[in-house]
Amino acid sequence: MRIAIAPNAFRGSLTAQRAVECIAEGLRRSRLENLDLLAMPLADGGDGTLDTIIDGLGGERIAVTVKNPLGQPVEATYGWLKGETTAVIEMARASGVELIPRAARNPMITTSWGTGELIRAAVEHGAQRIYIGMGGSATVEGGAGCLQALGVRLLDDNGQDIPTGGAGLAQLAHIEVAPAEKLLGKTQIVLLSDVTNPLIGERGAARIFGPQKGADPAMVEQLDANLSRFADVIRREVGREVVDLAGSGAAGGFGAGIVGCLGAELSPGGATIIKLLGYDRQLPSVDLIVTGEGKLDAQTVGGKAVQSIAEVARQFNVPVVALAGMLDADPDTLHAIGISAAWSIVPRVCTLDEAITHAGEWLTNAAQHLGNVLALGLS
């Protein structure tokens, strides 16, 4: 039986590669015979994007000292694909919410400046294409800091540079993109998004993601208004419409700012990475796909890696089974996106810390149970 093992990372506990190893071990312990296992670790622009692409295609990691979301120095890495002029950046490594203490998280002041420094470093290294995974950011400032680090002038009515952070956008009146265009030249930027949220409104960057990054209700309202202002100035001075662009609300509106000011391409992360790694070419010969992630819920069906692999599998009539730390989606919803069956790997009532601690063990056991069930059907 040929099985593709294609999980996303189990956030906070297992990388996608480690999840592959656990599932493979469980299947080998089971009663299934004549196994042919294919490793297909997934990512969708969030946690593990850089490692999944670099490990899958071969490359190196280059360290750069940049500013973290509070403007403090931090060492971040970007990936460089072997034999190509292609770089891979994971926004969270420079501008991630996990880089700062919970008590210091404040999207009115946090900035994506460090991500801009990573882009600059990649361009100076010779990059002609840059993939940027946007998951896990600490910011709700439309990528303003990143743009400023690349030379874009974000100016107030007096022609002065606005402050960094989400609050600074309230003063924005003019945009000058020419310095950044000169720096980037013909470099193509591809933004990998794991969500489809628009920039503003009830499903926008501020209201959906702001509270996760430290915003209180008053901040949420101000940030939403500031992002709306940003979009208005982009429309007037750069000539691009970004408000309703699917995924423009990703990473606190980072997608909107980089598309609007630099003409970047906004791409669904899961589907793009699957194609980049060539998984789609291997699936026609597969009998079953085992996927999974930390939590299967409404966000899973909004563009995440698990949904992406299920959609590709459907094209070839390959059944998909999912294993998850938490299962919060009903069978009909999962079936609609191509997942035939799903189980939680958690064997008993426990705390989140316990689930994280035992994730590898429990995923292995769940995969063994799955293998035993599959063996019943083959006996």
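Where a number appears in this text, it was derived from the coordinates with a stated rule and is not lab data. This one's a predicted model, so the numbers in the text were calculated from it and none came from an experiment. Note: ideal-geometry Cβ built from the backbone for every residue, glycine included; neighbour counts use all protein chains shown.
Contour minus end-to-end for residue 335 and residue 176, with contour as 0.36 nm per residue of separation and end-to-end as the Cα-Cα distance?
Roughly 52.5 nm would be gained on extension.
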What's the ranking of 326-334, 70-78, 136-144 by average number of surrounding C-beta atoms within 10 Å, highest first? 136-144, 70-78, 326-334
Rank 20, 70, 92 by how far each Cα sits towards the positive end of the charge dipole of the chain (+1 on Lys, Arg Cβ; -1 on Asp, Glu Cβ) and give me just the farthest. 20
Considering the alpha-carbon set of segment 49-270 alone, what are its Rg and its Dmax in angstrom? 15.8, 49
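If I take every Cα pair under 8 Å that is 6 or more residues apart in the chain, average their sequence separation and divide by the length, what percent do I get for the relative contact order?
On the way: 930 pairs, mean separation 74.1, N = 379.
The normalised contact order for the chain reaches 20 percent.
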In a solvent-free Debye calculation with one equal scatterer on each Cα, what is log10 I(q)/I(0) for segment 1-159 at q = 0.11, 0.12, 0.15 Å⁻¹, listed in the order of the q values? -0.52, -0.60, -0.83
Could you give log10 I(q)/I(0) at q = 0.13, 0.20, 0.25 Å⁻¹ for segment 52-144, computed by the Debye formula over C-alpha point scatterers of equal weight, without solvent? -0.41, -0.87, -1.21
Using the eigenvalues of the Cα gyration tensor, what equivalent ellipsoid semi-axes result for segment 1-52 when each is taken as the square root of five times the eigenvalue, whole Å, largest first? 23, 11, 6
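Report the local net charge at residue 329: Lys and Arg +1, Asp and Glu -1, summed over other residues whose C-beta lies under 15 Å from its C-beta.
Computed value for this residue: -3.
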What is the ratio of the Cα radius of gyration of the chain to 2.2 N^0.38 Å, where N is its residue count, to two decimals? 1.01
Hey, what do the phi angles of segment 334-349 turn into as Karplus ³J(HN,Hα) couplings, whole Hz, using 6.51/-1.76/1.60 and θ = phi - 60°, x for Gly and Pro? 5, 4, 5, 9, x, 9, 6, 7, 8, 9, 7, 8, 7, x, 7, 5
Antiparallel bridge percentage (DSSP; both residues within the chain; nearest 5): 35 percent
Mind pulling the angle between the C-alpha long axis of helix 16-29 and the longest principal axis of the chain? Nearest 10 degrees, somewhere in 0 to 90. 0 degrees
Summing -39500 (n - 2.57) over the DSSP H runs of n ≥ 4 in the chain and dividing by its residue number, what mean residue ellipticity at 222 nm do you reach, to the nearest 500 deg cm²/dmol? -11000 deg cm²/dmol
Give me Rg over Rh for segment 262-379, both radii from the alpha carbons and Rh done the Kirkwood way, two decimal places. 1.01
Name the residues whose placed amide hydrogens come within less than 5 Å of the amide hydrogen of residue 188, ignoring near sequence neighbours (fewer than 5 apart) on the same chain. 129, 130
Only Lys, Arg (+1) and Asp, Glu (-1) charged, at Cβ; the chain dipole about Cα centre in debye: 440 debye
Note, residue 79: beta-carbon cut-off 13 Å, +1 each Lys/Arg, -1 each Asp/Glu, net -1
Each residue of segment 196-205 in turn: what ³J(HN,Hα) in whole Hz from Karplus with 6.51, -1.76, 1.60 and θ = phi - 60°, glycine and Pro shown as x? 10, 5, x, 6, 10, x, 4, 9, x, 4
